[in-house]
Every structure is written in C-alpha cells, then in structure tokens.
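Trainee: Below is a structure I'd like to ask you about.
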Amino acid sequence: MSEKIPVAVLGATGAVGQKFIKLLQDHPWFEVTQVAASERSVGRRYEEVVAWKQNTPIPESVRILEVRPCTPDLDCRIAFSGLDAAVAGEVEDSFARAGCVVLSNSKNHRMDADVPLVIPELNHDHLGLIPIQRRNRGTSGFIVTNSNCSTMFLAMALGPLHRAFTVEKVFVATMQAVSGAGYPGVPSLDILGNVIPYIGGEEEKMECETRKILGRFDGEGIEFADFPVSAQCNRVAVEDGHTESVSVQLRTKASAQEIIQVLREFYGPPQQLRLPSAPEHPVVVMGAQDRPQPRFDVNLYGGMTAIVGRIRPCSVLDFKFTVLGHNTVRGAAGASILNAELLKAQGFLD
Ligand code: NAP
C-alpha cells in the first residue's frame, strides 16, 4: 500500500491556510499531518483557534491536531505556506534549510532571482531554477512560489496570447474580493456599499510578477518578458473572486475569433499529466455578454480556472476582455497544491 506524503500547513488558521486544509482533504498524494500558526494559536487544538470560514466542516483528521509553532522541526516533506508576509520570508528560508520543499503564497521570495514563480501551464520550465537555488543557498530543500492572486488570472489569460501573438502592452484594472485581504481583513464599515481604490503593493506585484512568469528561463536565470503592464487595483464588496478588466496590444494582429480559439485550446503539463488538481481547461471563454460574474462563475472547475469573457476590440490598444478567478483557490492554495503535484510528477520529491 503506498503511503501519502506528509505535509505541514504554515499559517493554517488564515484564509489561505484554511483553503489548503479544505483542498487537501482526501488528496491522493498528500496528507496534512501538521498545522502551524502564530504564538496566539500554538499549543491549542486547531478547531479551538480557527475561525473556520469554509462551506464544508473541518476535516476530522485536522480538527484535533495541536497547532505547532512555525519551526522547521515539524515532521513533513512539504510545507505549504499561507503565512503573513511579515514572517513568511525567514520562516520559509528555515524550512528550506531543514530540507523541506516549501510552496509559498507570500510575496517575500517571489522576485528572488533563484526562486521559481510558477504557473504550471505556462512556465513549468522555470523549475530549472531549483538546482541553482540549492547550489546558491547550500540547502537540500527549496522554495517554489505562486503569484499574487490578481497576477494569477492576468498571467493565465495573457500567457497563451503572448505565445501566439506576442503581448506588447497591457492595462489592467481589478475589482478584488474582500477574502483577498485575509480574515478578518477589511472592516465591514469600510467596504459595504463601497469601493476602495488602493491595495498596498498590489499594483507593483501585478506589474512585475506577470513579466517574470511570462519570461524565459535561459538555463541560468529568468529573462523577464519585455512588455509594460499598468495595473490599477480596487477592493470591492465581493466575498470571493477577483475580476479584472484587461486591455492588450499584440505584435501580431489577430481577430477576436483567433484570440478565443487560442484561449480555448490552451493547456499545459497539468492537463497532459492529469495532475489531481488540474482543471480540465485552465482558461474558459464565456460567450454571454454579461459574464463572467463572481457570484455565478467563480467556482467553475473547482475554482482552478481563469474565466474570460467580453473579448472585443479596444479603441486604444488592440483588444479588451474581462477575466475572473477564485483568489484563495487558483489564486493561492490551489495554485500551491498544483505546483506540488507538478514537482512530484517531475521527480523533485523523490
Ligand atoms: P490571514 O488570513 O491573515 O492569515 C495569516 C496566517 O499567518 C494565520 O494563520 C496567522 O496565524 C499566521 N501568522 C501571523 N503572524 C504570524 C507569526 N508571527 N508567526 C507565525 N504565524 C503567523 O492571511 P491570508 O489571506 O491567509 O494570507 C496569507 C498569505 O498569503 C499572505 O502573505 C498573503 O499576501 C498571501 N495571499 C493571500 C491570498 C488571499 O486571497 N487571501 C491570495 C494570495 C496570496 P494566527 O491565526 O495564529 O495569527
């Protein structure tokens, strides 16, 4: 009988940590054996300290676990990190030094030159940075990151277009869900009936992470994609799901029909390898003129897909469209789990 790989969830009590626990329930390859969080939670049972906000009960095997400190003596091969950025950097380093494979959701290491920032359908070859990272840092473990949640859906929509037509310029304005700010996140009196036109650091993340993800691994490092991204980020009173209005200029001129075809036919290693968390289609194009909408569409393919709609000519650049995705699933925990599945399939966990 094959044994599952033991995994720890760091920041297990937070919005992303809870999503890890939910998505890893009954996972065919991984089993949550450790949960860790801050001093506020350490030493108590998970069910006592977590403000559980998922629509399924806390898995029985996790409910009774004692919350541990985020120290690398945890018995795990993989550490899924949903840690607050204030502490993620050093904690994740310490786990990698201890030989752990760290899958991070935080901003701290995303732009490190030797850390892969991976969306498996787009840039699985960036995992070639792992031996370089191990050599540079003298560690047996390593860190792989996934992008900021709003970058995720922009990159998933742009990636196939960049391959087919070469992206030259991008404008994006986001409408981001409150769950993107963690729990308890934005106070209700600030967000109800309101739009907040500022999310600290978010625009900068979208503007540089997109270019790293769509960049080229040349055997030594990542050569960033050579197009500017201008992002404007807004927090709106939506529970889950980031919606983005995108305008794009393409070097090779294309028709709307060609763009739709490229997006609909797009797939990558997760689909080829039939990874357990891979959506059947990484990008879905909806035809109705008033879709996608977060309330109705965010959970398509289990929240693991980028949903595009309203593809139409732009009077300033070439085309504009809307893209929606689930910020704590494909935008966070689900992305890390898919990255871990890819690492296993490619032999990095042997
Ligand atoms: P959150 O709900 O505030 O959760 C933060 C977690 O970090 C909690 O488990 C908390 O534990 C733990 N923590 C805080 N201070 C700590 C310390 N000193 N030592 C150890 N653990 C500590 O935040 P979140 O939304 O889940 O976000 C987690 C990370 O993912 C952030 O870096 C965020 O930027 C990133 N991210 C979030 C989303 C999203 O949609 N929410 C998407 C992508 C990326 P306690 O409960 O014990 O305090």
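Trainee: Which condition number in (1) touching a strand residue (DSSP E or B) at 6+ places or on another chain (Cβ under 7 Å); (2) hydrophobic (A, V, I, L, M, F, W, C); (3) not assigned by TED's automatic domain parsing to the domain that holds Glu168 is the one that Val316 fails?
Mentor: (3)
Trainee: Go through the range 131-150 residue by residue and tally those that are within 13 Å of Asp114 (Cβ to Cβ) and not in a loop (DSSP other than H, G, I, E, B). It would help to see each step written out before you state the result.
Mentor: Taking the range 131-150 as the starting set, the residues that turn out to be within 13 Å of Asp114 (Cβ to Cβ) are 131-139, 142-145.
Imposing the further condition that a residue be not in a loop (DSSP other than H, G, I, E, B) reduces the set to 131-137, 142-145.
Total satisfying the criteria: 11.
Trainee: Please list, ordered by first then second residue, the pairs with beta carbon atoms under 7 Å, 6 or more apart or interchain, first in the range 69-90 and among the acidic types (Asp, Glu), second more than 6 Å from the ligand (Cβ to nearest atom).
Mentor: Sorted first by the residue in the range 69-90, then by its partner, the pairs are Asp75/Pro6; Asp75/Thr33; Asp75/Gln34.
Trainee: Would you pick out the residues in the range 127-160 that are surrounded by fewer than 24 Cβ atoms within 10 Å (Cβ to Cβ) and closer than 19 Å to Ala332 by Cβ?
Mentor: none
Trainee: I've got another one for you. Report the residue count in the range 61-87 for those that are aliphatic (A, V, I, L, M) and more than 17 Å from Gln25 (Cα to Cα). Show your work before the answer.
Mentor: Just the residues of the range 61-87 that are aliphatic (A, V, I, L, M), to begin with: 62, 64-65, 67, 74, 78-79, 83, 85-87.
So of that shortlist, the ones also more than 17 Å from Gln25 (Cα to Cα) come out as 67, 74, 83, 85-87.
Count: 6.
Trainee: What's the number of the only condition in (1) polar (S, T, N, Q); (2) within 18 Å of the chain's Cα centre (by Cα); (3) outside any loop (DSSP other than H, G, I, E, B) that Ser94 fails to meet?
Mentor: Single failed check for Ser94: (2).
Trainee: Would the range 105-121 turn up any residue that is open to solvent by 40 Å² or more (accessible area, probe 1.4 Å), β-branched (Val, Ile, Thr) and over 22 Å from Ser277 (Cα atoms)?
Mentor: The answer is no, given that none of the residues of the range 105-121 is open to solvent by 40 Å² or more (accessible area, probe 1.4 Å), β-branched (Val, Ile, Thr) and over 22 Å from Ser277 (Cα atoms).
Trainee: Looking only at the range 218-235, which residues are of a type outside the set (Lys, Arg) and buried (at least 18 other Cβ atoms within 10 Å of the Cβ)? If you could, list the steps in order and put the result at the bottom.
Mentor: Kept after step one, since they are of a type outside the set (Lys, Arg), are these residues of the range 218-235: 218-234.
The answer is Ile222, Ala225, Phe227, Val229, Ala231, Cys233.
Trainee: I've got another one for you. More than 14 Å from Val308 (Cβ to Cβ) and of a type outside the set (Val, Ile, Thr): which single residue out of Leu273, Leu263 fits that description? Give the derivation first.
Mentor: Working: Leu263 fails: more than 14 Å from Val308 (Cβ to Cβ).
Just a single option satisfies the conditions, and that option is Leu273.
Trainee: Which of the helices (runs of 4 or more DSSP H) found entirely inside the range 1-85 contain at least 1 residues meeting this: open to solvent by 50 Å² or more (accessible area, probe 1.4 Å), closer than 18 Å to Gly334 by Cα and more than 10 Å from the ligand (Cβ to nearest atom)? Don't jump to the end; show me each part of the working.
Mentor: Values: elements: 15-24, 46-49, 60-63.
Passing ranges, in order: 15-24.
Trainee: Can you find a residue in the range 311-332 that is open to solvent by 10 Å² or more (accessible area, probe 1.4 Å) and of a type in the set (Gly, Ala, Ser)?
Mentor: Yes, the range 311-332 contains at least one residue that is open to solvent by 10 Å² or more (accessible area, probe 1.4 Å) and of a type in the set (Gly, Ala, Ser).
Trainee: For the range 91-120, enumerate the residues that are touching a residue at least 40 places away in the same chain (Cβ under 8 Å) and within 11 Å of the ligand (Cβ to nearest atom).
Mentor: Passing the criteria: Val91, Glu92, Ser104, Asn105, Lys107, Arg110.
Trainee: Mind listing whichever residues of the range 161-185 are of a type outside the set (Gly, Ala, Ser), surrounded by 20 or more Cβ atoms within 10 Å (Cβ to Cβ) and within 13 Å of the ligand (Cβ to nearest atom)?
Mentor: First, pick out the residues of the range 161-185 that are of a type outside the set (Gly, Ala, Ser): 161-163, 165-172, 174-176, 178, 183-184.
Next, from what is left, pick out any that are surrounded by 20 or more Cβ atoms within 10 Å (Cβ to Cβ): 161-162, 165, 167, 170, 172, 174-176, 178.
Result: Thr174, Gln176, Val178.
Trainee: Further question: Scan the range 244-291 for residues that are within 30 Å of Phe30 (Cβ to Cβ), surrounded by 14 or more Cβ atoms within 10 Å (Cβ to Cβ) and without any contact (Cβ under 8 Å) to a residue 60 or more places away in the chain and jot them down.
Mentor: If the condition is that a residue be within 30 Å of Phe30 (Cβ to Cβ), surrounded by 14 or more Cβ atoms within 10 Å (Cβ to Cβ) and without any contact (Cβ under 8 Å) to a residue 60 or more places away in the chain, then Pro279, His281, Val284 are the ones that fit.
Trainee: Considering only residues that are part of a loop (DSSP other than H, G, I, E, B) and open to solvent by 60 Å² or more (accessible area, probe 1.4 Å), which ones fall in the range 186-217?
Mentor: Start the filter on the range 186-217 by keeping residues that are part of a loop (DSSP other than H, G, I, E, B), which leaves 186-187, 192-194, 197-201, 214-215.
Result: Pro187, Leu192, Gly193, Asn194, Pro197, Tyr198.
The values are calculated or read from the model by the stated rules, or taken from the named source; none is laboratory data. Fair warning: this is a prediction, and the values are worked out from it, not measured in the lab. Virtual Cβ from ideal backbone geometry, glycine too; neighbours counted across all protein chains shown. The protein model used for the area step is the full one, side chains on, heavy atoms only, and it has no ligands, DNA or RNA in it. Shrake-Rupley method; radii C 1.70, N 1.55, O 1.52, S 1.80 Å.
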